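The structure appears below as structure tokens.
The values are calculated or read from the model by the stated rules, or taken from the named source; none is laboratory data. Computed from a predicted structure; not experimentally measured. Note that we place each Cβ from the backbone using ideal geometry, even for glycine, and neighbour counts take in every protein chain shown.
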Amino acid sequence: MAEQNQVLETIVKALDSKRAEDIQVIGIGELTILGDHFVIANGTSTTHTRTLADEVEYKMTELGLEPIHREGRGNGSSWIVLDYGDVIVHVFYKEARDFYQLERMWADGEQVDISQWLKKD
């Protein structure tokens, strides 16, 4: 079983490799039983959003992990959720992310520093 930090790193790097925008990891374990972390990112189109989610699934499968549940995979989906138990990945189309403002709803969560996992431009 992969360690949680390795899971987070794999997800962030997968999103970053496909040019996800504004990747954030929020620790929510102290606030809810839903999981320990939300990973939130957005794409620039619904196609880009789907590509980002596909890359996360691909890299997680390489790690030996499959999502417990996935939501929003249809054509034109503006919000895709991949539930890996302790880590829940939210990939938005930009306008949907602006609308739902998940980060604001979970503002009491702990912002995780992911800078070491992001490629330098």
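Within the bounds of segment 90-98, is there any residue that is in a strand (DSSP E or B), buried (at least 18 other Cβ atoms within 10 Å of the Cβ), touching a residue at least 40 places away in the same chain (Cβ under 8 Å) and of a type in the set (Val, Ile, Thr)? It would help to see each step written out before you state the result.
So the first thing to find is which residues in segment 90-98 are in a strand (DSSP E or B), and the list is 90-93.
Retained after the next criterion (residues that are buried (at least 18 other Cβ atoms within 10 Å of the Cβ)): 90-93.
Imposing the further condition that a residue be touching a residue at least 40 places away in the same chain (Cβ under 8 Å) reduces the set to 90-93.
Now narrow it down to the ones that are of a type in the set (Val, Ile, Thr): 91.
Looking through segment 90-98, at least one residue is in a strand (DSSP E or B), buried (at least 18 other Cβ atoms within 10 Å of the Cβ), touching a residue at least 40 places away in the same chain (Cβ under 8 Å) and of a type in the set (Val, Ile, Thr).
Considering only segment 25-38, I want to know if a residue exists there that is surrounded by fewer than 22 Cβ atoms within 10 Å (Cβ to Cβ), among the polar types (S, T, N, Q) and out of contact with any helix residue (DSSP H, G or I) (no Cβ under 8 Å at 6 or more places or on another chain). Within segment 25-38 (the criterion being surrounded by fewer than 22 Cβ atoms within 10 Å (Cβ to Cβ), among the polar types (S, T, N, Q) and out of contact with any helix residue (DSSP H, G or I) (no Cβ under 8 Å at 6 or more places or on another chain)), the answer is yes, since at least one residue qualifies. Selection within segment 64-84: residues that are part of a loop (DSSP other than H, G, I, E, B) and modelled with pLDDT of 95 or more. The member of this set that is nearest to the chain's Cα centre (by Cα) is Tyr84.
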